[in-house]
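Some notes on the structure that comes next.
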Ligand code: NIG
Ligand code: FE
């Protein structure tokens, strides 16, 4: 028989159930279970309720008794990262803060291309190790699922190397890694041809290899005047759609066009959106595309935040992700960034927490996590406080003291 565990008592559990996928939220919509317990059966949640009731109901459970006050939230889902990379771009960050822009640095061969060069010179094994190390760092901040993009390989073999590294990293961390192919991150500087030819070659040669190797079912593209235009990306996404891939887009970061393409292709998410105007906000709100704000990129580049308030008020679904990467978003702390976005964009606790739990899970089409309920994965974090509002109030400085992943205590601050 599988082992049954009962954890508690928690001062508060916020299961994040019964909250809509789209639109603005009020904190009164959050269900709070006081003096609660969680019963785990193997990797999944068996029951949630009052600790006392559960103690009576599950007499044979092994009790994991908590001392002091704890608030429990679902494990966070970071739905957009680039944590598979080699090297550092600290020098570029210093250059940006001394006045050079991200696009100016890219034009002279820095930026993404710098990381491509360093990633190509690194073995699959080393990339896997680096990725797992970063994932384990995210775990300590309550993140139990991380989407990880390729996009620093930019040739068939180098993109495959990255995706195999991400797969291997998944065996070196308790965190679930969800891979995405971002071969359309930029036109490689060493590619002897035009954008159309590069994208045609990638879709013809790389897409079948992704299916064959079961490497990913997600295709992303960076749509931007300086990278790939909507017209260039359309045949690429059409091919991806035909082969059954899900689509996600780096959209409206500096110029618009990406979110419109995302809506046209019924993408799962449109991410960035710092440059979105009323037109794009309306388009997204009237679609099933989930908007993903990336405050880490706004902080890393020192530029505007995604218009999260306006997106929510228009009726869009909003997830929040870290975009952790060596260039535009080097911090990689989802909770801190989500709290900061909340302060600047005037988001409720409910909106911020939804953005890093079930709305983020929906942005990855994951139906077994993001809320705490029977049958879902036992992925949750414990914060040492008696009031959930303290978590965002501390703006990321109140870190979890324990993180449970798939029913296992994967991080315990007291034992770290
Ligand atoms: O999401 N915008 C494009 N791609 C990444 C940045 C990657 C990099 O700078 O290395 C982003 O911000
Ligand atoms: Fe990104």
> How big is D, in µm² s⁻¹, for segment 56-111 by Stokes-Einstein at 4 °C and 1.567 mPa s if Rh is the Kirkwood radius over C-alpha pairs?
Replying inline: 77
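Roughly speaking, what is the stretch gain from residue 255 to residue 393, that is 0.36 nm per residue apart minus the C-alpha to C-alpha distance, in nm to one decimal? Mind showing how you got there, number by number?
On the way: separation 138, 0.36 × 138 = 49.68 nm, distance 3.31 nm.
Taking residue 255 through residue 393 to full extension adds about 46.4 nm, to one decimal.
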> What share of all Cα pairs of the chain, in percent, falls into each consecutive 20 Å distance bin?
Replying inline: 28, 57, 15, 0
>> For segment 56-93 and segment 122-163, what is the centre-to-centre distance using only Cα atoms, to the nearest Å?
In response: 18
> Just from its helices, what would the mean residue ellipticity at 222 nm be for the chain, if runs of 4 or more DSSP H residues each count -39500 (n - 2.57) and the sum is divided by every residue, rounded to the nearest 500 deg cm²/dmol?
Replying inline: -9500 deg cm²/dmol
> Roughly how many whole Å is it from the C-alpha centroid of segment 185-262 to that of segment 356-416?
Replying inline: 33
> Using the scaling law 2.2 N^0.38 Å as the reference, what is the normalised Cα Rg of segment 324-416?
Replying inline: 1.14
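I need the calculated FRET efficiency for the pair residue 192 and residue 50, taking r as the beta carbon distance and R₀ as 51 Å, to the nearest 0.05. The partial results should precede the final answer.
Working: r = 67 Å, r/R0 = 1.31.
The formula returns an efficiency of 0.15 here.
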> Just the Cα atoms of segment 195-319: what Rg and Dmax do they give in Å?
Replying inline: 14.6, 42
>> How large is the translational diffusion coefficient of segment 81-136 in µm² per second when you combine the Kirkwood radius over alpha carbon pairs with Stokes-Einstein at 20 °C and 1.002 mPa s?
In response: 176
> Among 176-188, 113-125, how do they line up from the highest to the lowest mean number of other beta-carbon atoms within 10 Å?
Replying inline: 176-188, 113-125
> Using all Cα-Cα distances in segment 13-72, what percent lands in each 5 angstrom bin from 0 up to the longest?
Replying inline: 4, 15, 25, 21, 16, 11, 6, 3, 0
> Which whole number in µm²/s is D for segment 75-172 by Stokes-Einstein, with the Kirkwood Rh taken over Cα pairs at 37 °C and 0.692 mPa s?
Replying inline: 231
> What number, in percent, do you get for the relative contact order of the chain if the mean sequence gap of Cα pairs under 8 Å and at least 6 apart is divided by its residue count?
Replying inline: 21
> Along its principal axes, what span do the Cα atoms of segment 117-178 show, with the longest given first and each in whole Å?
Replying inline: 34, 17, 17
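Mind sorting 143, 371, 55 by how few other Cβ atoms lie within 10 Å of their own Cβ, fewest first? Intermediate results must be reported in sequence, preceding the final value.
On the way: 143 30, 371 20, 55 17.
The order, fewest Cβ neighbours first, is 55, 371, 143.
Throughout, read-outs are computed from the coordinates displayed, never taken from laboratory work. Since the model is a prediction, treat every value here as computed from it, not as a measurement. Note that we place each Cβ from the backbone using ideal geometry, even for glycine, and neighbour counts take in every protein chain shown.
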